[in-house]
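First up is the structure itself, then whatever we jot down about it.
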Amino acid sequence: MQTWDYIGYLAWALSAAFGLYLVVDWIRTDTTYSEDVLTSSREGELEAMTEERKG
Amino acid sequence: MADFDITSKTIDGIGPHGTKVGLLRVLGPTHVWALGVGIVLVGEYMGWNFAVGKGGAYAALIACWFAGILYTCVAMIDSEVTSTVAAAGGQYTQAKHIVGPLMAFNVGLYLTFAYTMLEAGNAITAGYLISVVATMSGYTGALDQRPFIILSILFLAWLNYRGVLATLTFNLVITAIAFVAIIVLFLATTGIFGHSIMMHKELMSGAAALPYGWIGVLAAMHFGLWFYLGIEGTTQAAEEVRSPARSLPFGTMAGIMTLLIAATLTWYVCVGVLPWEFLGDGVNGSVAPLFDTARLSGSTGLIWLLGIGTLFATLASANGCINDASRAWFSMGRDKYLPGWFGAVHPKYRTPYRSIIFLVPIALLFALKAPLDQVITFSILSGLLTYTFMPLNIIMFRKKWPMGSIKRGYEHPFHPVPAYVQLFLCAVTFFAVFLGYGTQLVAMIGFYIVVSLWFHFWRYRFVNRGAQFTMPWPKPKGY
């Protein structure tokens with residue numbers, strides 16, 4: 001075994017950790033908040049507000 | 001199920017139109033610069049040199065400058081339209097508002113594929129670079145590159161998931177280092193500081209000047225795009241910048257100026273040291289020309305600096321690609337061009353988290369299973385289709401909403417000259433691509449025709465037909 005083999009194992013472990021974080025947080029978020037809140041984003045909010053202030 | 005309402009007329013970007021959780025407006029012009037230049041700069045470190053292989057050093061320079069004109073037009077047109085249509089999705093959102101739904105669907109796919117394929121290509125390159133470092137440090141045997149490819153994608157996806165400010169601040173730092181590395185290499189090897197190692201006269205005279213004549217110059221245009229491919233990605237930050245009308249034009253124009261300088265310096269130092277036959281073979285010859293130039297300088301400091309610059313440029317590009325692909329995909333989901341599930345925003349990190357996660361396995365699949373040249377070619381072709389759409393888009397934009405009818409953040413000069421120049425250069429580049437990758441070009445056009453039929457006959461019934469048009473503009477002229 002050479003040092004780079006150990007670095008390779010470390011990369012596998014870190015990859016698994018990042019992947020696990022993404023999946024766990026995704027599931028936790030989806031089960032904590034309602035779909036209505038999560039998908040409530042609307043485009044062009046800043047422009048709409050600017051126009052309203054001008055009006 | 002927790003529910004909350006952060007709607008507030010006092011919070012910038014969170015308006016009174018039903019948004020409870022939206023993307024966060026935290027970025028400034030430097031982040032826009034970091035996004036655009038970050039995606040592109042890897043093209044200076046590797047890839048552009050295939051243009052030398054197609055037609056020699058002079059052909060690569062001509063391609064570099066003509067592609068520079070093409071992308072200057074891209075930056076000018078983008079700056080005007082996106083500072084007015086300041087929403088995530090970039091050219092997809094522009095197409096939706098200005099051209100129509102079928103064009104928007106296609107442009108959204110071009111963007112997602114171009115960035116996801118480029119991300120996969122960058123991850124492959126990062127794995128390769130680490131294997132080179134392993135070999136240089138005495139590792140015997142073939143290093144397994146897979147863990148490094150996967151780690152690159154998952155780490156950057158995690159960073160993107162956690163927030164746009166940290167993601168693009170990270171990009172700003174590593175992109176700036178990669179850019180400074182090119183400047184330092186230029187200063188150190190051309191005789192400005194220290195002795196010059198340049199041999200332009202010897203390497204570029206006689207048969208080496210234009211080895212394949214003018215057809216070689218034309219063919220070089222395909223890879224001339226590498227110097228700038230991705231600068232149009234700045235538009236994806238439109239919904240996350242504090243001041244779109246100021247930051248987007250400033251960041252984009254500063255970005256193209258940076259790239260014109262970096263591209264010219266890169267060409268100058270590399271063709272002055274590396275013979276065109278070696279430089280132009282990006283597979284068996286010079287894979288990373290700037291790094292190879294540093295190695296020929298004999299300076300350990302330059303070798304380290306350009307080695308780090310190459311890795312940083314690769315990571316910055318992959319990072320920006322994840323950011324941009326996820327915004328394009330998210331926007332299409334939000335308008336129901338794709339399932340609305342993709343239009344979700346993380347309530348804590350304020351990122352399009354489902355789109356980020358969804359694109360991870362796709363990037364991994366291409367990075368681990370597809371050959372690099374095919375992945376990159378698909379990315380270039382998708383990008384080229386976007387550039388072809390842009391001139392048509394700006395011409396329609398100016399006709400439907402003439403100057404003075406709506407407030408524009410930036411007005412590009414000499415309209416319609418940049419649009420026609422861009423259209424002409426796109427046509428030239430399509431021909432150049434056809435010369436080398438005709439099969440892939442036809443296959444890709446076939447793919448987009450099939451998905452267009454699917455959208456027209458099936459998916460369009462689900463689209464938010466009225467709600468998708470959010471800009472408070474007057475009716476277009478003639479309607």
Unique match (being over 30 Å from B:R350 (Cβ atoms) and of a type in the set (A, V, I, L, M, F, W, C)) among B:I215, B:I256: B:I215
Can you spot a residue in the stretch B:128-140 that is surrounded by fewer than 24 Cβ atoms within 10 Å (Cβ to Cβ), among the small types (G, A, S), without any contact (Cβ under 8 Å) to a residue 40 or more places away in the chain and at positive phi? yes
Selection from the stretch B:327-353 of residues that are assigned to a helix (DSSP H, G or I) and over 14 Å from B:A88 (Cβ atoms): B:G340, B:W341
If a residue must be surrounded by 23 or more Cβ atoms within 10 Å (Cβ to Cβ) and among the aliphatic types (A, V, I, L, M), how many such residues does the stretch B:99-114 contain? 5
Of B:I445, B:I449, which residue is within 29 Å of B:P339 (Cα to Cα) and at pLDDT 95 or above? B:I449
Is the stretch B:76-94 home to any residue that is in a helix (DSSP H, G or I), within 14 Å of another protein chain (Cβ to nearest Cβ), more than 19 Å from B:E240 (Cα to Cα) and in contact with a helix residue (DSSP H, G or I) (Cβ under 8 Å, 6 or more places away or on another chain)? no
Are any residues in the stretch B:340-364 without any contact (Cβ under 8 Å) to a residue 40 or more places away in the chain and more than 8 Å from chain A (Cβ to nearest Cβ), and if so, which ones? B:F342, B:S355, B:F358, B:P361
Here is a list: A:G8, A:G19. Which entry is modelled with pLDDT of 95 or more and either more than 7 Å from chain B (Cβ to nearest Cβ) or more than 23 Å from the chain's Cα centre (by Cα) (or both)? A:G8
Looking only at the stretch B:126-145, which residues are of a type in the set (F, W, Y) and facing chain A (nearest Cβ under 8 Å)? B:Y139
Counting only residues that are of a type outside the set (A, V, I, L, M, F, W, C) and either outside any helix (DSSP H, G or I) or modelled with pLDDT of 95 or more (or both), which one in the stretch B:354-374 is surrounded by the most Cβ atoms within 10 Å (Cβ to Cβ)? B:S355
I'm checking my understanding of the structure. Among residues of the stretch B:378-409 that are surrounded by 21 or more Cβ atoms within 10 Å (Cβ to Cβ) and hydroxyl-bearing (S, T, Y), which one is nearest to B:M444 (Cα to Cα)? B:S382
Which of the following residues is assigned to a helix (DSSP H, G or I), touching a Cys at 6+ places or on another chain (Cβ under 6 Å) and either surrounded by fewer than 19 Cβ atoms within 10 Å (Cβ to Cβ) or not aliphatic (A, V, I, L, M) (or both): B:W226, B:W267? B:W267
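The values are calculated or read from the model by the stated rules, or taken from the named source; none is laboratory data. Quick caveat, the model's predicted, so the values are computed rather than measured. Neighbour counts run over all protein chains shown; Cβ positions are idealised from the backbone, glycine included.
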